[in-house]
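Engineer: The structure's right below; bear with me while I get my questions together.
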Amino acid sequence: MTKYVMLCHGDARGMGENEGQYLAEFNLEAGHEKIRWSDDIAEAIRFDSFHDFFAAWQTVYAVDPIRADGKPNKPLTAWNVEPKPVHDE
C-alpha cells in the first residue's frame, strides 16, 4: 500500500536548513518545538493518503491559532514540502 512522507525542500524564505529531511515528529498542541525533521526516512511519519498528508501540512497551531496578520497560524507551511510516496512492506 502506498503511503506518503513529507520531504522538505527548505523553508519558505529559501533557507535550506532542513532540505532533504523528512518530517519525523510534530505536535502542534505543544508548540513549534515539537516539529522535528530527520535525515532518516525510516523515522518519517507515514501518511495513509495524500489527503492526510495535505491535512497535516495545513494543521493550525492550537495554542496560537491566529497570526498577527489575522491569518491562520499553520507552522508546517513555513517549509516547502513534497509528498513522497513510499511503499512499506
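Engineer: Test Val5 against the criterion of being modelled with pLDDT under 95 and of a type in the set (Val, Ile, Thr), and give yes or no.
Structural biologist: In short, no.
Engineer: For residues that are free of Cβ contacts under 8 Å to residues at least 40 places away in the same chain and touching a strand residue (DSSP E or B) at 6+ places or on another chain (Cβ under 7 Å), tally how many sit in segment 23-58.
Structural biologist: Number satisfying all stated conditions: 7.
Engineer: If I filter segment 30-39 for residues that are over 25 Å from Met1 (Cβ atoms), at pLDDT 90 or above and of a type in the set (A, V, I, L, M, F, W, C), do I get at least one hit?
Structural biologist: no
Engineer: Applying the selection to segment 59-79, what residues are closer than 27 Å to Met1 by Cα and either among the aromatic types (Phe, Trp, Tyr) or at pLDDT 95 or above (or both)?
Structural biologist: Correct list: Trp79 only.
Engineer: Out of (1) of a type in the set (A, V, I, L, M); (2) exposed (fewer than 12 other Cβ atoms within 10 Å of the Cβ); (3) under 12 Å from the mean Cα position of the chain (by Cα), the odd one out for Leu28 is which?
Structural biologist: Here Leu28 clears every test but (2).
The values are calculated or read from the model by the stated rules, or taken from the named source; none is laboratory data. Keep in mind that what you see is a predicted model, and the values were worked out from it rather than measured. Heads up, the Cβs are rebuilt from the backbone with ideal geometry, glycines too, and the neighbour counts pull from every protein chain shown.
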